[in-house]
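The values are calculated or read from the model by the stated rules, or taken from the named source; none is laboratory data. All values derive from a computational prediction rather than experimental measurement. Reconstructed Cβ throughout: ideal geometry from the backbone, glycine too, with neighbour counts over all protein chains shown. Just the protein is used for accessible areas: all its heavy atoms, side chains included, with ligands, DNA and RNA removed. Shrake-Rupley method; radii C 1.70, N 1.55, O 1.52, S 1.80 Å.
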Amino acid sequence: MFGLVGPILTLAVFLCLADLFMIVRPHHEFWLISLVFILLLYTSLVLNINFASPHRFYRDRLARTYLTRSVEDGTAVELCDPQSLSAMNQSAKAPYHLINAALNIPACDDPNLRGRSTDFFLFSKHFCGSPILGFRSTKEWEKMDSHLDLGTAMAISGAAAAPHMGTITAPQFTFLLAMLNVRLGYWARNPGRSSRIGRLEAFLPPLGWYYFFRELTGWMSEKTAYVNVSDGGHMENLGIYELLRRRCKFIIAIDGEADPARSFGGLLKLTQFAKIDLGLRIEPDLTDLRMDRDGNGLAHFGLSRVDYAGGAHGLLLYIKSSLTGNESEFLRKYRAENPDFPHQSTANQFFSETQFEAYRSLGEHIAEDLFRYDLVDRWSTDLPVTEWFQRLAARLLV
């Protein structure tokens, strides 16, 4: 039914315009045509399609919430926005930040991506891009889009609501979502085409009407000057894939997705992509994480061995938002009042103070359970990561 919205709406607009041209007086035709031309010119050269959607509002709210730091006396916070991607992690001790997104290319003719309609897209300090597009120096790429900074990348990575949502796209809703302007995604400069873009085009926004038409129809591929990127969860929801590509030895993944049936869809999809794309093997044992009749599991986490191609190995610590029955009275009370906790729908973006505290308290409880003394014999801030994982493996891997 919803699949008919696009054709019916297009037909209705066509009939209305045809009727308008039929009744307009001859001496008014010039002004009507001039108006259409001005609108076309405005949407081509002035209007930025990314600012005609809720993206900018969403980006500013996220930045106001998360891109902050405490002042010296610790009594207040200050906004640290904007921040350029290429200036992240000034401290040598800071981790190298990888921000995951999904590249929406349903019209791609690459047989390796058939059935996915999307590819992995990455923002980082030194390079941005995807396997099918190629990668570009972040500093060079930033010069072509002054709005592409850390706050924008963060908003793109969390742009869950969009007409095209990677592997979970519902084709029957794409036209309707685009017309209702439910578009949190972003049209970014194609990093693989940057060297072939002229000086004038480098400073022009994407042609509003042209790329909006592509978003309406799904005619989006990797061959255009701008590409559509959205939530990284539209491809892989745990953000582990890029770590596996780098053959990391120790990986910690926190799974907070809404999974009331405890089906572990995010983790199992990752193992599928890792096997097909990277030739590595992960066989997680999820027995202790599954629910009993009361909705509780035996553990909050599990450890899996990662077998890389060539004989190398790694460890994946998988932490699941879950209950085991030994939580505080506050969490038990909240669970009794909200049976779907801790897997309430992510469609609810307005948490109450109690709801926020419930999830924070559960996270603290899970961390304390993970770092309890009887699991790794002792916990110390001086304990090397390698040794800690080895102790964890000795207890959890049999």
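Residues in the stretch 274-298 that are part of a helix (DSSP H, G or I) and open to solvent by 10 Å² or more (accessible area, probe 1.4 Å): Lys275, Ile276, Asp277, Leu278, Thr287, Asp288. The helices (runs of 4 or more DSSP H) located wholly in the stretch 299-380 that include 1 or more residues which are farther than 19 Å from Glu257 by Cβ, among the hydroxyl-bearing types (Ser, Thr, Tyr) and without any contact (Cβ under 8 Å) to a residue 24 or more places away in the chain occupy 353-370, 373-376.
Considering only residues in the stretch 326-351 that are at pLDDT 90 or above and among the small types (Gly, Ala, Ser), the one that is nearest to Phe389 (Cα to Cα) turns out to be Ser328. Please indicate, with yes or no, whether at least one residue in the stretch 306-318 is buried (at least 16 other Cβ atoms within 10 Å of the Cβ) and closer than 15 Å to Asn237 by Cα. Checked the stretch 306-318: at least one residue is buried (at least 16 other Cβ atoms within 10 Å of the Cβ) and closer than 15 Å to Asn237 by Cα. For first residues located in the stretch 257-271 and under 14 Å from Asp285 (Cα atoms) and touching a residue at least 60 places away in the same chain (Cβ under 8 Å), partners that are assigned to a loop (DSSP other than H, G, I, E, B) and open to solvent by less than 40 Å² (accessible area, probe 1.4 Å) and lie 6+ apart or on another chain with Cβ distances below 9 Å form the pairs Arg262/Leu286; Arg262/Gly295; Arg262/Gly297; Arg262/Ser322; Arg262/His343.
Does the stretch 78-95 hold any residues that are touching a strand residue (DSSP E or B) at 6+ places or on another chain (Cβ under 7 Å) and within 25 Å of Ile240 (Cα to Cα), and which are they? Leu85 - this is the single residue of the stretch 78-95 that is touching a strand residue (DSSP E or B) at 6+ places or on another chain (Cβ under 7 Å) and within 25 Å of Ile240 (Cα to Cα). Does Asp292 satisfy being without any contact (Cβ under 8 Å) to a residue 24 or more places away in the chain and of a type in the set (D, E, K, R)? It is true that Asp292 is without any contact (Cβ under 8 Å) to a residue 24 or more places away in the chain and of a type in the set (D, E, K, R). So Tyr66 passes all but one of these: (1) farther than 15 Å from Leu150 by Cβ; (2) touching a residue at least 60 places away in the same chain (Cβ under 8 Å); (3) surrounded by fewer than 15 Cβ atoms within 10 Å (Cβ to Cβ). Which condition number does it fail? Here Tyr66 meets the rest and fails (1). Being touching a Phe, Trp or Tyr at 6+ places or on another chain (Cβ under 6 Å) and open to solvent by less than 10 Å² (accessible area, probe 1.4 Å) is the filter here; which residues of the stretch 206-227 pass it? Correct list: Pro206 only. A single member of Asp109, Asp149, Asp119, Asp81 is touching a Gly at 6+ places or on another chain (Cβ under 7 Å) and charged (D, E, K, R), and it is Asp81. The residue list Val5, Val77, Val13 contains one member that is modelled with pLDDT of 65 or more, open to solvent by 40 Å² or more (accessible area, probe 1.4 Å) and β-branched (Val, Ile, Thr), which is Val77. Here is a check on your reading of the model: is Thr287 closer than 25 Å to Gly158 by Cβ and of a type in the set (Val, Ile, Thr)? No; evaluated as a whole, the condition is false for this residue. Of the residues making up the stretch 228-261, not one is farther than 21 Å from Val385 by Cα, in a strand (DSSP E or B) and open to solvent by 80 Å² or more (accessible area, probe 1.4 Å).
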